[in-house]
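Heads up: the structure comes next, in C-alpha cells.
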Amino acid sequence: MPSLLKKDKPKQTGAEKATAGAKWLDDRLGLAKGGRVFFNKIFPDHWSFMLGEIALYSFVVLLVTGVFLTLYYVPSADMLTYHGSYAPLKGTQVSAAYNSTLAISFDVRFGLLVRQMHHWAADIFLGAIAVHMCRVFFTGAFRRPRELNWIVGVTLLILGISNGFLGYSLPDDLISGTGLRIMFSVVESIPVVGTHLAFWLFGGNYPGNGVIIPRMFMLHVLLVPAIMVALVGAHLALLVKQKHTQFSGPGKTEKNVVGTPMWPGFMFKTQGYFFLVVAVLAGLGGWAQINPIWQYGQYFPYKVSYAVQPDWYMGWLDGALRIMPSWEFQNFGYMIPNMFFPAVLLPGIAFNIFIVWPFIEAKVRKDYKEHHLLERPRDNPWRTSIGAGALAFFFMLFAASSTDVLANYFNISLNLVLWFFRFATYIIPFFVAGITYKICLELQALGRYGGRRKRFNVVLRTAEGEYFSEKTPARPGDLDVLSGEEEEPLELTEEVSEKIRESSELIGVSSTELNKLPPPADQGVKRVERD
Amino acid sequence: MTSTEQVQTSEAAIDPTRDPRLDLLAKKPDQMEKLIALCFIVGIACFVAMMVFYVRGSSTQVEGALMAAGFGGLGVGMVAWGKYLMPKGPFEEERHQIGSTEEDRKAFADAFIGRGTIAVKRRSFLGKLLGLATAIFGIFSLGPLLDSLGPNPGNALDSTAWKKGSKVVTEHGRAIKVDDLEVGGFMTVFPEGNVGSYDGQTLLIRAGTSDIVTMPGRESWGPQGYLAYSKVCTHAGCPISLYQQETEQLLCPCHQSLFNVLQAAEPVFGPAPRPLPQLPLAIDKNGYIIAQAGYNEPIGPGYWNF
C-alpha cells in the first residue's frame, strides 16, 4: 500500500538519493579516492590531441554499426538465386554472403546508411590513426616513458589494416574477391611455408572449399576486434597512468600538465566531439556512396573488373606490387616469388621499423631521458626529415596503385607512368627529406616567439638632411640572437637623439613612433654609423 | 581541482573566495544556454523525424542527413556547453614519478625471488613435468590441429583439370567449333566438366586463320590461328581479361602486366615475371577445339617449390 510507505519513509530529494546510491557503490567498490584523481586528470588544450579521439570514436562507431550489420549478414559462400529488390540482378546466381549484403543495402531499413557508415568509419579510423601517429612521431611523444604505448598504437594500426581488409572482403563482390585472390598469392609467396599457410587459410587450393568467408567473418567480427578493444583499453590506461604530454609554453614544465580537467570540462567537450564524429560519418554514409557492390556483381574466380583498387590504406601495398620489377629468384629447385618482396618483405620491414623506432632514436641520439614536453617538428630536423621522407615514400607507393587510372586520366602512356613511379618512389623521398631539413632550419631561425629573421634597421634623417642607419634593440628570435653572434646594441649619442627628436617634430611624426626609437643614451657613445 | 589550488593570481588575492579559473568563458552565459538548448532541440527534432521516416520508409540520403543533423546538433551543443559554460581554467596537474621507489622494487624482488625459490626450486621435477605437458599440447596445437584447417598442398598446384583430349567449352558449357571465333576474337574457356574452375580458366584467342607457332617446340599448338593461354596471371593470380587485338597483347587489369600473344605470352611490361603457360590445342575430327595435353608447367603466381 503506497500510502503507508510514504508515512514510514520521508521522501528523499534527488541529490539525497544520488548520494545514497554513490555511498552504496563506494561501500562495495571503494571508488571515491581513485575517482577523484581520475576526475582531476588534465587534458592539454591543443588541436592535435583530437586526432587520436577521431580514431577512438570512429572505432566506437565501427563497433556499433558492425553489430547492426552482423544481424543481417550471412557468412556463407553457398550459391542461391537472387530474389531481392535490386532489379538488375534478379534471377542471377549469387552467394549467400553477397545476397545478404544486397539485402542490407536495399531491403533492410537504414541498412545502406549503416553499411556505408561502417565502411566510411573504417576508412576514417585508419586515416585518423595515420595522422595521430604522425603527430606522435613528429613531436617526439613516443620517447621515454611512452615507448610501450607507441608499440600498442602501431599494433592497433596493423590490426586495423588487417581487419579493414577482412571486412572489405566479406561481401564477396567482384572487386573484393579479386583482392582475396591476390591475398592468397601473397601468402603463397612466403618461402617454405607459404603454400601450407595459404591452403590452411582457404581450406585448399584457391578458391578453397568455401570456408574462407566464415573464417574471415569470425576474424573480422570476433577475434581481431576483441584484441583491438583490449589494446585500445591498454592504450588509454597507459595514457592515464603516464599522463599526457604537452607542448612547452608559459607555465608548462616537465613536472606538470596544464589544460582542462576530465570532469566536467573535458568530458562534455569530448562527448560533443563524439557526436560530431558520428554526425560526419552519418553524413558521409547518407550522401557519399562507398563500395556499391551491386555495380560490381557477384565474384567469380574467372571474372575481373577494370580499375581494381583496394581501400586507401591498402593502396601502398598495391602500388608496391605494381612497381616491383618482374624479378623472381629460382635456385636449387626453389623459388622466391615476385610477390614476396613488395607484399611480405616491404610491410614486414616497415612495421618492424615503426615498432622499434623509439629505441632506434634513443640509441642514435643517445637520449634515454624521460620527456613529457613535446618537441616542435622544426626543433628536431633529423627526425622530421626522416618522417617526411618516409611519408613521401608511402605516398608515392599509394599513388602508384593508380597507375592505370592516372594513365587514362592524363591520357599518357601507362608505360611512362610505371617507369616514372619505379624511379620516383625512391628518389622523391630523398628530395622531400632534404627540403624538410632545410625548412626546419629556416623555421628555427624564425625564432620561437615570432621574432624576425634579421634585426630591423631604422633609417633616420635629421632636419639638416643627415641620414642615420640604426639597428633596433635585439629581440628574442632575431637571427644574430639565435646564433649567439649578437652584436652590441647600438646607442645614439644624446646629440643625435636630440636632433632626431627635433626633426621628427618638424615632419610631424607621432609620439608612439618616437617611442619605438632607441632611448637616448646615457652611457656615452658606443658606435654611430654615419654616411 | 584540489591539486592546483596553490596557484594564486592577483585577482584571487583581492577576493580570496573567488578563483578566476572557475569563471566561465562565456561573456553572456544565459544567451549561450539558449543557443545550446536550440542545438539540442535540433537534435530532438531530427531524431523524431528519423522515427517517423523509419515507420514510413525513406531514402538513405534523408536518413543520413537527419542522423548527421541530429548528432551534429548534440555535438555542437555539448562542445559549446563544455567550452563556454565550464570553468575556463587553465588547470594544472603535477606529474609524479612513474617508476616505483627503490624500496618497493626491492620488496617486490624479495617477495618474488625469495618466496618463489622456496616454492619452485625444491620442486624442479614437477616443473619439468608441467613444461613437458604444455610442450606436448603446443606441438599438438601447431601440428594436427592446424593441419586440419586445410589439406597439404602436395602437388595440387602443379596441375590443372586440363588433360589430353579435354574439350574446350565456354563458361556456359558449350563446346567450341573451329568457326566459332572470328580473327581478333577471344573468350574465356574451361575444360569440359570443369566449367567455372579457378585453375582451369583459359583464354582462347583467334589471332589468325593459319597455324601459329609461338616459339620453337610449339609447332602444332596453335591450329588455324587458335591460341590458348592460362587466364591466371603469373604475377598475383588475377584473371587476365583484356586482349588488345592491334598490338596482340594481353593485359592484366590488376597490376597492368602485358603479355605478347604471338610470342608464347612472354611478359613485356609490368611486374609479371613469367610467361602465361600455353595450352596446346588441336581440332578433332568433328571440328571441335580440344586440348592436345594439359599445361606442361604450373599456372599462376610463383611459390616456394614451384
So is A:LEU102 part of a helix (DSSP H, G or I) and touching a strand residue (DSSP E or B) at 6+ places or on another chain (Cβ under 9 Å) or not? yes
What is the residue count in the range A:43-101 for residues that are aromatic (Phe, Trp, Tyr), in contact with a Lys or Arg (Cβ under 9 Å, 6 or more places away or on another chain) and within 30 Å of B:PRO90 (Cβ to Cβ)? 2
Looking at (1) at positive phi; (2) not assigned by TED's automatic domain parsing to the domain that holds B:PRO298, which is the only condition B:ASN155 fails? (1)
Could you tell me which numbered condition A:PRO250 fails, if it satisfies all but one of (1) in the same structural domain as A:THR178 (by TED's automatic domain parsing); (2) without any contact (Cβ under 8 Å) to a residue 60 or more places away in the chain; (3) not polar (S, T, N, Q)? (1)
Just to be sure before I move on: is B:ALA236 in contact with a helix residue (DSSP H, G or I) (Cβ under 8 Å, 6 or more places away or on another chain), of a type in the set (A, V, I, L, M, F, W, C), buried (at least 18 other Cβ atoms within 10 Å of the Cβ) and in a loop (DSSP other than H, G, I, E, B) in the structure I sent? yes
Among the residues of the range A:212-263, which ones are part of a helix (DSSP H, G or I), within 14 Å of another protein chain (Cβ to nearest Cβ) and β-branched (Val, Ile, Thr)? A:ILE212, A:VAL240
If only one of B:PHE53, B:PHE91, B:PHE112 is touching a strand residue (DSSP E or B) at 6+ places or on another chain (Cβ under 6 Å) and aromatic (Phe, Trp, Tyr), which one is it? B:PHE91
Restricting to the range A:85-111, count the residues that are out of contact with any Asp or Glu (no Cβ under 6 Å at 6 or more places or on another chain) and in contact (Cβ under 8 Å) with a residue 12 or more places away in the chain. 17
Hey, can you tell me all the residues within the range A:358-381 that are without any contact (Cβ under 8 Å) to a residue 40 or more places away in the chain and assigned to a helix (DSSP H, G or I)? A:ILE360, A:LYS363, A:VAL364, A:ARG365
Does the range A:318-341 hold any residues that are within 7 Å of another protein chain (Cβ to nearest Cβ), in contact (Cβ under 8 Å) with a residue 12 or more places away in the chain and outside any loop (DSSP other than H, G, I, E, B), and which are they? A:LEU321, A:ARG322, A:TYR334
Could you identify the single residue in A:LEU397, A:LEU406 that is closer than 15 Å to A:LEU321 by Cβ and part of a helix (DSSP H, G or I)? A:LEU397
Among the residues of the range B:196-219, count how many are of a type outside the set (D, E, K, R), closer than 24 Å to B:THR234 by Cα and surrounded by fewer than 19 Cβ atoms within 10 Å (Cβ to Cβ). 6
Could you please tell me which pairs satisfy a Cβ distance under 8 Å, a separation of 6+ or placement on different chains, a first residue in the range A:27-42 that is within 14 Å of chain B (Cβ to nearest Cβ), and a second residue that is of a type in the set (Asp, Glu) and in a helix (DSSP H, G or I)? A:ALA32/A:ASP26
Subset of the range A:139-175 that is hydroxyl-bearing (Ser, Thr, Tyr) and surrounded by fewer than 22 Cβ atoms within 10 Å (Cβ to Cβ) - its residue that is farthest from the chain's Cα centre (by Cα): A:SER162
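The values are calculated or read from the model by the stated rules, or taken from the named source; none is laboratory data. Quick caveat, the model's predicted, so the values are computed rather than measured. Neighbour counts run over all protein chains shown; Cβ positions are idealised from the backbone, glycine included.
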